[in-house]
Structure formats: C-alpha cells, structure tokens
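The values are calculated or read from the model by the stated rules, or taken from the named source; none is laboratory data. None of these values were measured; they are calculated from a predicted model. Note that each Cβ is placed from the backbone with ideal geometry, even for glycine, and that neighbours are counted across all protein chains shown. Just so you know, the surface numbers come from the protein's heavy atoms only, side chains and all, with ligands and any DNA or RNA stripped out. Shrake-Rupley method; radii C 1.70, N 1.55, O 1.52, S 1.80 Å.
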Number of protein chains: 2
Amino acid sequence: MGKFISDKNINFSKWYNDIVIKADLAEHSDIRGCMIIKPYGYAIWEKIKAVLDNMFKKTGHLNAYFPLLIPKSFLSKESKHIDGFAKECAVVTHSKLKSINNEILIDDNSKLKEELIIRPTSETLIWHTYKKWIKSYKDLPLLINQWSNVIRWEIRTRLFLRTSEFLWQEGHTAHASSEEAIQEAILMRNIYNDFIKNWMAIETIMGIKTPKERFAGAIETYCIEGLMQDKKSLQMGTSHFLGQIFSKAFDVKFLDQNNNNNYVWSTSWGVSTRLMGALIMSHSDDKGLVLPPKLAPWQVVIIPVYDNDLIFNKISHLANNIMEKLNKVNITSIYDNKKYHRPGFKFSHYELKGVPIRITIGPNDLQDNTLEIFRRDTRKKMTIYKEELISTIENLLKEIQSNLYKRNKNHMINNTHFVDNYDDLKKTLNSKGGMIMSYWDGSQEIENKIKNETQASIICIADNKEKLSGKSIISKVKSNKRVLFAKSY
Amino acid sequence: MGKFISDKNINFSKWYNDIVIKADLAEHSDIRGCMIIKPYGYAIWEKIKAVLDNMFKKTGHLNAYFPLLIPKSFLSKESKHIDGFAKECAVVTHSKLKSINNEILIDDNSKLKEELIIRPTSETLIWHTYKKWIKSYKDLPLLINQWSNVIRWEIRTRLFLRTSEFLWQEGHTAHASSEEAIQEAILMRNIYNDFIKNWMAIETIMGIKTPKERFAGAIETYCIEGLMQDKKSLQMGTSHFLGQIFSKAFDVKFLDQNNNNNYVWSTSWGVSTRLMGALIMSHSDDKGLVLPPKLAPWQVVIIPVYDNDLIFNKISHLANNIMEKLNKVNITSIYDNKKYHRPGFKFSHYELKGVPIRITIGPNDLQDNTLEIFRRDTRKKMTIYKEELISTIENLLKEIQSNLYKRNKNHMINNTHFVDNYDDLKKTLNSKGGMIMSYWDGSQEIENKIKNETQASIICIADNKEKLSGKSIISKVKSNKRVLFAKSY
C-alpha cells in the first residue's frame, strides 16, 4: 500500500482529513457542508452516546424528543439568540413538489404561511413547550435531554469539526432558583469533563467563556477545552447558565411554595459529533487512527498467517477460542479471516483503524507456548505466554488507555506557557504555539486587539480555585482572571 | 380525579388520544403535524430501539448516518418514487434570515441554487452514495441501517400513528443476487415479526402488499399487520425487495467473480414511532395504558400507605430493600414517596401509566408475613408471602407478558372471518368488522371497487405455505391468493 497518509508534521489538516477518509470514519456528501458518517465512525459515536447517556440518566435526566422545525417567530423571540443564528438557518418555505412536463418543481400553492427553520438548537421551541409543562414548584427541576440532528449552515466545513448538519445532544433544564441552575450547569460541565478525561483520554482545561465568546443568549458559558496535536485548542463541550433569559422571552413562571409567581431559571448544555474530531486529532499518528480502548469498536484484532488450509483451520479454531474467552470478560474482538487480503495488508488496515491490540497467529504459534501481540499506541510488539493471554490483554487495554491520557496530558503541560506581557505573548505564539496563560483585566477591547493582531482568542477564563492573581496583559492592572489565549478550531 | 379517560367502546379515537396525552407519552406541538415525544413515551421508544438495534446487529447490520437534506434532483431520479413522495415534501429554499426594522425576514440573497428536501426516506441519497462505495463483489453484501427522523407532510395527523415528522429506522442493503436480496427482505420482515410478537405481545399476520399498496419504487413489499382493539388493522412494519430499481436509477454496478459488471440488487425496510401507536391501541383499557413488561420503563411501582413519619420511614426502608433485590434480577422499579400526593392518586396514576405490577406497603405489612400486589393486565390483587416476593414478581412479569399476547391473539382469531362472496364480505364488515379473509384474483379493478364501496382495503396477501386455494371474491376465479380485507389506519 505504501505511504498514503500525509505527514502529520508537514500538513496537519491534510493528515486529519486522510485519517477520517481512509479509516472509513466519514466522508463529504454532495449536500453542501453535510457529511456521511460511515459505519466505523458511527460505531465510535454510538459508544460515546451510550456512555454519556448513562451518565445523564444517573444524574436524573430524562430523554425526550422535540420537533425538527421551529417557526421563525419562535426563533425571533430572544434577540441575542436570533442574532447568533440568523445567518446560518436552513429555511423551509414550501410543503409540496409537482411535476410539469417531467420536470419536478416547487408547488407554489404549497407556500407556508410562516417559514419554518430547521433547528440550529432548540431553546426557543423547548421553552415555548415548557410554558405548558411548568406551573408550580412541583414541576421543578425539569431535567430533559434530547439526542438529535441540527443544522447550522457553514461555509467552510471540515469533517466532524465543522459541518452544516451535525449530531449532538442538547440538555434543557428548568429550576426554581438561580443557585440550583448554576449548580446544574457546572455539574454537566463536570460530567463532560469526566467523560473526556476518562473515556476519551484527553486532558482538559475548564473555565468560563468571555462575554464575547458566550453562547447567544447565555449569562455564563462553562467550557472545556483541549489542546490538539497541532497545538490549536478545541472547544469540546459547553454548558450554559441562561438565567431567566428564555423564561422571560417565553413567559414561563412557576408558583413557589409561598404562592408567589416567579420566572424559572434555566440551563442548556451540549456536546456533538465534534468530539469525534477531538478524539482523532488527540491520539492518532502517521500510521492512522489511534483509539482509546474504552471507545474502540474492536479492542482486539486477530490476524492469521498461514500457507495452507490445514494450518488456516487450526489457526481459526484457536482464534475462535480466544475470541470466546475475550467476550466473556467483555473485550470486543474481530478475527479477520478474509482470504483475498494478505497479512501485511491487514496489519496496515487495522493500524489505520486504530485497533488497540493485534494478535498475530502463525503456524509456529500453534505449538509454541507463546504468542506475539502488538500494541497500537506505542507500536511495540511483545511476546507473552499463552495461558496469560486474557489477563495480559485486560491489563494492556487499561495501560493503553492510561498511557494515551498521560501522553496527552504531557502534551498540554509542555505546550502551556505563562506570559505576563504582550510582546512575550506574541513571541511565544509565533515560536511555540500552544496555550498561552496570562492575566486579563476583562476588557473586550484588549481581547479584540489581541485576536486581530495574533489570531489567538481567549479560549477560556480558567477556573481559579487557588485565587491566584497577577498583572493583566497590556493594561497591567491586577486581576485574578487567569485566561488562556490560543489559536483554536 | 374521577373518570377522565373516554370510554373505549364509545369513542375509540378519543380514548386513544386521552391515553397518549394523559399517560404523558406525547403531545401535539404548534408545528403542523409534528409531535413532542415526552420523557415517558420516549423511554418506551428507547426500549423498542435498543431491542431492535441489537437484533439488527446480530444479523450483521451496521449503523451509519446520512444527511437530512436531499437535493431535489436526487429525489426525482426514480419516477415512481418521486410520485409517491412529491406531495408531502418539506422544501428548504434559503440559508439565511436577516433583520430589518426589528422584523426577521428571509434573506433573498441566500436562495439556494437547488432546493433541498428534508428526507421523507433515504433511498435516493443512499444509492447516490453506494455508487461510490460499491465496486466489486468484495463490497457486497452491504448491510446498513440508519436511525433517524423523517418528514412526510401530513394533513390529518394523529399522535404516533400519523405525524409529519416521525422517528424511525431505515435499512438499506445491497446484494450480488436477486435471491440474496429477497432473502434479506424476508429476514428483516421476520425480525420485525419476532419483535412485535415476543416483545410487544401483539399477534400478527404476515404477507405481501398488493401492487397498489406497495412502497413507491418496490418490486415486492413484505408486511406485518396487527388488529387493533377497534377491529381496524394497522401496518406495523414493511420490508421491500427493490430489485434493481435504485441501482439502475443511480447506476450502481459491481464486478462479479467472473469479471462481469452487473447492477446491484437491493432492499429497504423500516419501522417507526408508529409502533408506539400499535402498542397503546393493542393492550390498553379504560383505566389507561397497559404495557407488556418487556417494554415497560418501570416494571414495578411501590406505593407507601402511612399516617406518620415513623411508619413512613420504616416503609421506605423496606421499599428500598425490595428495589435493590429487584434490581439484582434486572427488574426496573420505582418507589413513589412523594408526600404531596395521596395513595389513591398514585394508584390511578400508575395504572394510567401502565406499570405492570404494583406493590402497596402499609403499616400492617411491616409485621405481617404477606404483601399485597396488583397486576395491571387483569387488575386483580393477590396476597403473597414476603419471602417469595422476588420470584413471584419474576414469574408474574412473564405471565403478564404472555397473557397480553394470548389476549391479543384471541382478539385476532375472534375477529378474523372467512367469506367467499361479496355480499357476505359487506355484511361481515358492517356487522362484525375485523379482518375478512377471502380469495382474490389479483385484479386491481376489484380491489378498487371493494375499497370504494366498503372502505376496506387489501391489507395483505397472506403467506400461504399450505398452498390453499379457493374461489375468488366477485370474479369467482380459482386463486391461491388468500387476502385480508380490513379497514385500516
């Protein structure tokens, strides 16, 4: 096959695209900005969904489903919100086609009285509905999540990272008090963080967004950022405290225990198929995808090496035996017995697909007391005793998971630089890249200036439990806002 | 609370709607024909999805995701297909809104070059894609499923049964031979049948559709029909053998093992949130929803009856203990300890929601060696020994599941009538309703005449393994097409 993935260090963006395409994760469709998620990519997304869904349910959230289409008038009810989404709306205007002389045309008689927008996010529709659902404190908290597709018309798109249609979950909760809503927004951010660290094996920075970078209609946006291998940051999940913005826009009040009518407090939070992009960019190498074992569709691949059918049958017998044992300890595996592909092709193929462990079985292995296994993360081979195979694999999967996280954490540590003046910020950005930590006085003017001059934005105001403070960048004012500047996706 | 569900025998359709609304399954939204699936309804749908998804995967199918939007020109490529869907298309024409004097309007500059249709089904988009994926016999069979939302603009809608947007799965497979594709179409119909009988506890009739009733673009439509309590039939799942219709429309050929280029053979198959409607209409009664235990979000509810906090705490202790034991044997349960609702309210509430078994715990039960349980299907109470609680519940859940199926099967048997002349058909339809079995000569003229005169259509040509034959209705010609006439949803 030769070398067919671009070099990561030469052209990161081409390397990324090559992996997505060649590992069969996704591809572009002929509909502008919309992707097709292929079975192998979708299998990873299904794992992500299942784990998150379980975490949401354990914390009392229920799933529901709201309509795809939102009347234009709903979307317009909250002014900041509509400003944020107006320029990327898919607008439905008609409900019929007709055929004239074998040509299919829009049926003008089917023009809708009011245009419908394909949801870019569902706050407006859901809050319109919550008005009917919420009457008293007994109806609160209302903790609902939805798994769905949304459309935000994008001009420049990249598979998984920025697509016009994407899959996501959107949580929408209603609470009796501001404190409880803030707690919920933070809880969900922490759940995302737990998932990203412990399942995706990606190190994170947590914080809040600056007013400029907040979700359209939020009072506070809690966020989680990761640092990709090209030293650009990626926003991986956001959780918004919406205050009473939407309850006021949609007039949602509740009767409290003292018989007073109050506006409800709310949150929304979401992660999307963008996480797939983060997963790919964080761990993969020039041989292809590298997957953390906890999210790999197949954790182990078994490849036979043989020159006659008798040997092949014996190897297959052993392979099936191993697969059964792995299955008993909940390890997923695949035995590739395709006869029209050679072992070398298969080795490359499963490396490309990021399968964490490979077991090769050849004629000698049928007699020997040992077997050769290969781990994808370090690309090292090791010889192990057959009777220790299952326990070795169990341990090795844990080790690969933790090794990937450690590697990613070191990458973040090594590429986070503290500066306290603007010249150093510019120099460090140019020479090293990565995340630049500094203090900031809260001025949007300075934020804009730095963005315009360096392309780096404030990706977050980092959580600051230690209450550290220092000299702000440019203004030199003392501040406890520790912010991270980075070029980002 | 009094009587608040309409009488099933007086107004079936109002009764149905009452249950959907009052058991919190779904509600109408303000978007024409689109429903909101509420958490309790969605929890049942999630169970349906999980079981089916597992069945699909066990038979080698993989999930993927294709775009929501289909270019008008794709949809138009197969003439019967577009004829079938043209009159119910949601058409996207623009990609931006703009604000003028605080009014939000469509931005005319954002008019799309080609209109996009929200998928009513995805054959056209998927076959456009398969052209890129299928080159040789090595790429076959291609067995792909998608869980998604679709829109078919409906004028008269009913919650779950007929909505403009619905959730479903659509399988799309490609094969090297006609025989293999037919086998696949039948396999999937059989999987649906297995699910509907063994999980939904609904008796079925299997067969094929008449040419008039086939899917737009199918060579053969395999179908499963059930008989609702109002004696109208409901189509619950269809699986289509598409021949080479779509491979020819989209020019999808493969190189076979003899190096010949052939058009691919295909199938598609789907079930939707309509199954929720079937589930509700098959088992429920005037007290509300009745759920088969295998699909109930909670299989057991525990309700405390107490007059002071001390007793309440003791009951709660016992209830938690029972829940833990039930959890260990994978039985889902809920303990309703809400203090602001009285036991009588709770009894009605969980009957309405169709929870299969209720355990009531009062002060006496703390000392006694027995407990009272209530089964939803027969509404009978029984007293059981405490030490046998878990095993009794395990058995009772199985019994309820099989009782519901038996009841439904008897309903089908009692309401299926054989006739061999048109007068009897009309009389039986008027006096008894249900399914009318007869022989049919295959004439669409006769099919139309009967439909026009009686409102009953041929819901299916029943599978006829016994090769029975008889005198056709109206024409009196001998035929082995045993068909079922019924008024249907």
_Tell me which of B:I393, B:Q299, B:N327 sits at the most positive position along the dipole axis of region B:293-404, charges placed on C-beta atoms (Lys, Arg +1; Asp, Glu -1)._
B:Q299
*Please give, to one decimal in nm, the separation of the simple spin-label points placed at B:S79 and B:N452, each 7 Å out from Cα toward the Cβ.*
2.5
_Residues along region B:98-119 losing 40 Å² or more of accessible surface when the other protein chains are present rather than the chain by itself (probe 1.4 Å)_ = B:I104, B:I106
*Putting +1 on Lys and Arg Cβ atoms and -1 on Asp and Glu Cβ atoms, find which of A:G226, A:A185, A:L167 reaches farthest to the positive end of the dipole of region A:165-239.*
A:G226
*Can you pull the mean other chain C-beta count within 10 Å for peptide B:35-44?*
5
*Of the listed peptides B:478-484, A:31-37, what is their order by residue-averaged count of other C-beta atoms within 10 Å, with the highest listed first?*
A:31-37, B:478-484
*Is there a pair in A:K57/B:K381; A:K38/A:K338; B:K96/B:K131 whose C-alpha atoms are over 23 Å apart, and which pairs would that be?*
A:K57/B:K381; B:K96/B:K131
*Starting at 0 and stepping by 20 Å, how many percent of the alpha carbon pairs of chain A end up in each bin?*
20, 47, 27, 5, 0
*Sparsely packed trypsin sites (Lys or Arg not before Pro) within region B:56-156, loop by DSSP, other Cβ within 10 Å at most 10*: B:R156
*Only Lys, Arg (+1) and Asp, Glu (-1) charged, at Cβ; region A:416-486 dipole about Cα centre in debye*: 120
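Please say if region B:416-486 is rounded, prolate or oblate, where rounded means a/c under 1.5 for a ≥ b ≥ c the square roots of the C-alpha gyration tensor eigenvalues, and otherwise the choice is prolate for a/b larger than b/c and oblate otherwise?
Prolate.
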*For chain B, calculate the relative contact order in percent as a whole number, restricting contacts to Cα pairs under 8 Å that are 6 or more residues apart.*
13
*When the label point is put 7 Å from the Cα of A:K138 along its Cα-to-beta-carbon vector, which residues of region B:309-345 have a backbone N closer than 18 Å?*
B:335-345
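Which net charge results when you count Lys and Arg as +1 and Asp and Glu as -1 among the other residues whose beta-carbon is under 11 Å from that of A:K409?
+2
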*Quick one: Karplus J couplings for region A:298-313, per residue in order, coefficients 6.51, -1.76, 1.60, θ = phi - 60°, nearest Hz, x for Gly and Pro?*
10, 8, 9, 10, 10, 10, x, 10, 7, 10, 8, 5, 4, 4, 4, 5
*Measure up B:K212/B:K406; A:K8/A:K87; A:K427/A:K476; B:K353/B:K386; B:K449/B:K487 against 23 Å on the Cα-Cα distance and list the ones that go over.*
B:K212/B:K406; A:K8/A:K87; B:K353/B:K386
*Cα gyration tensor shape for region B:181-249, rounded if a/c is under 1.5, else prolate or oblate*: oblate
*Per residue of chain A, what 222 nm ellipticity follows from adding -39500 (n - 2.57) for every DSSP H run with n ≥ 4, rounded to the nearest 500?*
-11000 deg cm²/dmol
*Which FRET efficiency value, to the nearest 0.05, do you get for A:K427 and A:K287 by plugging their Cβ-Cβ distance into 1/(1 + (r/R0)^6) with R0 = 30 Å?*
0.30
*Please calculate the 1.4 Å probe accessible area of B:L116, with all protein chains present, and give it to the nearest 10 Å².*
20
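For B:Y40, A:Y263, B:Y340, give me the order by solvent-accessible area with a 1.4 Å probe, most accessible first, ignoring ligands, DNA and RNA.
The most accessible residue leads, giving B:Y340, A:Y263, B:Y40.
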*Length-normalised contact order for region A:1-143 - Cα pairs under 8 Å, 6+ apart - percent*: 17
*For the protein assembly as shown, what class follows from the C-alpha gyration tensor (a ≥ b ≥ c being the square roots of its eigenvalues): rounded when a/c is under 1.5, otherwise prolate if a/b is larger than b/c, else oblate?*
rounded
*Using +1 on the beta carbon of Lys and Arg, -1 on that of Asp and Glu, and nothing else charged, what's the dipole of region A:293-399 about the Cα centre, debye to 20?*
400
*On average, how many beta carbons from a partner chain sit within 10 Å of the beta carbon of a residue in A:267-280?*
0
_Taking each residue in B:154-166, count the Cβ atoms of any other chain within 10 Å of its Cβ, then average. What number comes out?_
1
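Which GluC sites (Glu not before Pro) in region B:381-489 pass both tests, a DSSP loop state and at most 10 other beta-carbon atoms within 10 Å?
B:E466
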